[in-house]
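Some notes on the structure that comes next.
What follows draws every value from the coordinates through simple rules; no lab data is involved. Given the structure is predicted, the values throughout are model-derived calculations rather than measurements. A quick note on method: Cβ atoms are made from the backbone with ideal geometry, for glycine too, and the neighbour counts reach across all protein chains shown.
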Amino acid sequence: MSFPKNFLWGGATAANQLEGAWNEDGKGISIPDICTGGSHSQSKRITPVLEEGTFYPSHLAIDHYHRYKEDIALFAQMGFKVYRFSINWTRIFPNGDETEPNEKGLQFYENLIDECLKYNIEPLITISHYEVPFGLTKKCNAWASREMIDYYLNYCRAIFTRYKGKVKYWLTFNEINTGTEELGNALSLGILNEQDKATEFMNQVDIPQVRYQGLHHQFLASAKAVKLAHEIDPQFNVGCMLVYGCAYPLTCDPDDILANQEASRRFNYFCSDVQCRGYYPTYMNRFFKENDIEIKMEPEDETILKEGTVDFYTFSYYMSICNTADKEKAKGEGNILGGVKNPYLKASDWGWQIDPKGLRYSLNEIYDRYQMPLMVVENGLGAFDKIEEDGSINDDYRIDYLKAHIEQMHEAIKDGVDLIGYTPWGCIDLVSASTGEYAKRYGFIYVERYDDGTGDFSRRKKKSFDWYKQVIASNGENLDY
Ligand code: BGP
């Protein structure tokens with residue numbers, strides 16, 4: 001039992017993290033454009049008014065907007081079968097609420113899609129990847145408002161009709177379940193509860209009632225988009241996308257088991273239960289009640305959710321965490337997904353705990369639950385890379401990470417999981433979503449661009465480039481290096 005014959009090997013990126021050209025060809029401002037650079041130890045900031053002299057990494061990013069042909073050619077050299085990228089909403093609707101799309105934006109993505117098709121690379125498009133139009137934040141606090149559903153649908157209609165016949169795979173929202181966490185406010189919901197001053201990304205004003213209502217609006221928008229997509233082109237496959245935080249109880253103490261179940265259901269399963277099954281899971285009722293959250297629903301919402309379940313399930317997988325009922329332990333030890341450190345695992349330089357077997361475990365858990373095709377659309381190691389004197393970049397640590405995860409995907413396939421594709425994150429170096437820095441690199445391709453604003457954007461292959469090429473050529477059989 002090996003990887004299926006048509007397995008979709010490729011890579012993944014997001015518009016705001018690589019395109020740059022933040023104000024070119026009619027593009028409007030999106031939330032990432034008002035986010036400053038940061039680091040592991042220094043939170044990036046969200047500045048509703050752009051500050052002169054401050055560094056905003058999304059403004060130039062890695063200049064993919066002007067270099068996409070060169071980049072796609074490199075992906076083709078590696079043998080990509082699929083390329084996951086996102087459309088920046090503000091290139092199509094600069095403020096978010098216009099009725100007519102911006103032709104230059106539509107044309108840019110058409111060119112990008114055609115460039116992929118030229119090399120037989122299947123485009124896999126994320127419709128909304130952490131880039132809500134800032135105009136909509138100002139207008140209605142973005143997803144906090146039900147109005148957003150219509151703006152989003154308008155945007156979907158424009159891209160579905162334009163790219164019909166060229167694109168088969170769509171994802172409605174990147175990592176939709178980040179909306180269950182404080183961090184998700186500005187990042188994925190475009191919600192800024194205080195718009196009159198700059199705020200730390202890691203310390204946003206959070207109103208759970210507003211945030212969960214925002215998620216409800218995204219569920220409705222996602223369901224309506226699925227329905228619309230199928231009406232426009234029955235060949236369209238529309239998926240959900242979650243960040244899966246593989247979760248273990250810290251000990252076999254029944255209190256830890258229950259704490260883990262509660263945390264994992266809310267973070268890992270709530271959103272996909274709605275998107276894959278078409279209704280709210282009953283376990284959320286207790287959480288809502290105990291946290292004074294009341295989701296305002298209209299009479300038609302139940303039917304909308306039911307009629308808009310997704311065709312496939314996709315997720316990002318980077319790490320695992322532990323959960324405990326011990327409040328003292330739970331404090332202070334957390335990492336990006338929260339949770340407690342696992343004593344059996346090592347972590348990356350950014351504290352993300354590396355756990356390839358957790359990927360096999362997660363794939364099995366998810367497949368048992370939904371019984372639909374799965375795709376790992378993000379996975380990878382953010383690391384410091386160094387150019388040697390001879391110009392090479394020997395990223396053996398990255399190869400080790402990816403190799404171990406591919407081996408575990410293979411095991412999951414043997415376990416019976418219907419896994420259809422794999423797109424490692426940041427196949428070309430780009431700006432980090434959580435920290436806003438360039439130094440956290442994921443790519444097979446190095447980009448000469450640095451956090452002090454220097455670098456000429458030139459690209460060079462890392463050691464992992466040829467290794468991944470061989471992995472794809474052998475359909476996942478030859479992982480040696
Ligand atoms: C996911 C996001 C990506 C991405 C990746 C790596 O959460 O979907 O946009 O950047 O994680 O995270 P980071 O960039 O913070 O290292």
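Loop-resident trypsin sites (Lys or Arg not before Pro) (DSSP state other than H, G, I, E or B) in region 291-330 with no more than 11 further Cβ atoms inside 10 Å of their Cβ: Lys296. As an equivalent ellipsoid, region 44-199 spans semi-axes of 28, 19, 15 angstrom, where each value is the square root of five times an eigenvalue of the C-alpha gyration tensor, largest first.
Asn475: net charge of surrounding residues, Cβ under 12 Å, Lys/Arg +1, Asp/Glu -1, itself excluded?
That works out to +1.
When shorter helices are ignored and each DSSP H run of at least 4 residues is given -39500 (n - 2.57), the per-residue value for the chain at 222 nm works out to -10500 deg cm²/dmol. Bridging of Lys27 to aspartates and glutamates at a Cα separation below 15 Å is possible for Glu19, Asp63, Asp97, Glu98, Glu100, Glu103, Glu131, once same-chain residues fewer than 8 apart are set aside. Size descriptors for region 97-188: radius of gyration and Dmax over Cα atoms are 14.6, 42 Å. The stretch between Leu50 and Glu103 holds 16.4 nm of extra length on full extension. This uses 0.36 nm per residue minus the Cα-Cα distance. Ala439 sits among other residues whose Cβ lies under 12 Å from its own Cβ, and their net charge, with Lys and Arg +1 and Asp and Glu -1, is -2.
Placing dummy labels 7 Å off each Cα toward the beta-carbon, the span from Tyr283 to Tyr397 is 3.5 nm. Basic side chains Lys and Arg get +1 at the Cβ, acidic Asp and Glu get -1 at the Cβ, and with that the dipole of the chain about its Cα centre reaches some 760 debye.
Compactness of region 11-99, taken as the C-alpha radius of gyration over 2.2 N^0.38 Å, stands at 1.21. Neighbour counting of Cβ atoms within 10 Å sorts the residues Thr126, Thr251, Thr199, fewest neighbours leading, into Thr251, Thr199, Thr126. Along region 457-474 the Karplus relation, 6.51 cos²θ - 1.76 cosθ + 1.60 evaluated at θ = phi - 60°, assigns HN-Hα couplings of 6, 5, 9, 8, 6, 8, 4, 5, 4, 5, 4, 5, 4, 5, 4, 5, 4, 9 Hz to successive residues, with x for each Gly and Pro.
Converting phi to 3J(HN,Hα) with the Karplus coefficients 6.51, -1.76 and 1.60 and the offset θ = phi - 60°, region 286-298 yields 5, 4, 4, 4, 6, 10, 6, 10, 10, 7, 7, 10, 8 Hz in sequence order, with x at every glycine or proline. Remark: relative contact order (the chain) = 18 percent; criterion is Cα-Cα distance under 8 angstrom and separation of 6 or more residues. Report note on the peptides 161-169, 5-13: ranked by the mean count of other C-beta atoms within 10 Å, highest first, their order is 5-13, 161-169. Legend: Rg and Dmax of the chain, from Cα coordinates, 20.9, 66 Å. Charge tally for Ala221 (other residues, Cβ to Cβ under 13 Å; Lys, Arg +1; Asp, Glu -1): +1. Of Ser222, Ser272, Ser474, Ser316, the sequence from fewest to most neighbouring Cβ atoms within 10 angstrom is Ser474, Ser316, Ser272, Ser222. Relative contact order, whole percent, for region 406-479 stands at 19, derived from Cα pairs under 8 Å and 6 or more residues apart.
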